[in-house]
Amino acid sequence: MRGIKNILVVEDNIANLELFLCLLESQGYKPEVAMDGERALELVSNSCFDLIILDIKLPKIDGFEVLKRLKKSPNLNTPVIVVTACATDENKRKILAQGCTIYLTKPFGMSTFYEAITVSLSNNNPVERCIQ
Ligand code: MN
């Protein structure tokens with residue numbers, strides 16, 4: 001089992017991004033960052049992540065499209081935590097249908113965030129998950 005988890009944070013809002021990074025770094029993670037969907041897709045086509053934290057409203061390519069294309073990348077089985085302020089039922093349904101693992105509506109508490117990360121990382125099998 002790998003000790004260090006490879007996490008990707010996709011978020012264009014600086015305040016949210018800094019908060020996520022701060023929370024993750026306080027747990028010893030050193031996440032990679034993408035601030036738009038295009039960069040996120042570049043990263044997921046070249047690396048295998050243990051977890052992806054994904055905003056939906058993003059510049060260039062939105063989170064729905066990123067989620068869809070993830071399934072055709074080496075990260076097709078990587079757990080995805082979608083973090084979004086657009087909490088309509090329709091959005092939620094659409095996101096979950098595209099294989100998001102956990103859906104968090106902003107704003108959410110620190111403990112909710114940590115729990116989502118622990119759950120996402122706990123039942124994983126890196127060998128089976130990363131198809132390269
Ligand atoms: Mn956004």
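Among the listed residues Val44, Val80, Val10, identify the single one that is in contact with a Cys (Cβ under 6 Å, 6 or more places away or on another chain) and at negative phi.
Only one candidate passes the filter, namely Val80.
Where the second residue is among the charged types (D, E, K, R) and the first is under 14 Å from Leu76 (Cα atoms) and lies in the range 92-108, which pairs have Cβ atoms under 9 Å and are six or more apart or on separate chains?
The qualifying pairs are Gln98/Lys68; Gln98/Lys71; Gly99/Lys68; Gly99/Lys71.
Quick one: how many residues across the range 1-17 are over 14 Å from Val83 (Cβ atoms) and at pLDDT 95 or above?
1
Please work out if Thr112 is touching an Asp or Glu at 6+ places or on another chain (Cβ under 8 Å), among the polar types (S, T, N, Q), under 21 Å from Asn6 (Cα atoms) and modelled with pLDDT of 90 or more.
Criteria not met by Thr112.
Looking only at the range 101-110, how many residues end up being among the aliphatic types (A, V, I, L, M) and not in a strand (DSSP E or B)?
Adding up the residues that qualify gives 1.
Output the number of residues of the range 20-47 satisfying the condition of being farther than 22 Å from Leu67 by Cβ and without any contact (Cβ under 8 Å) to a residue 60 or more places away in the chain.
5
The values are calculated or read from the model by the stated rules, or taken from the named source; none is laboratory data. Just so it is clear, the structure is predicted and the values come from calculations on it, not from any experiment. Don't worry about glycine lacking a Cβ; one is built from the backbone with ideal geometry, like all the others, and counts go over all protein chains shown.
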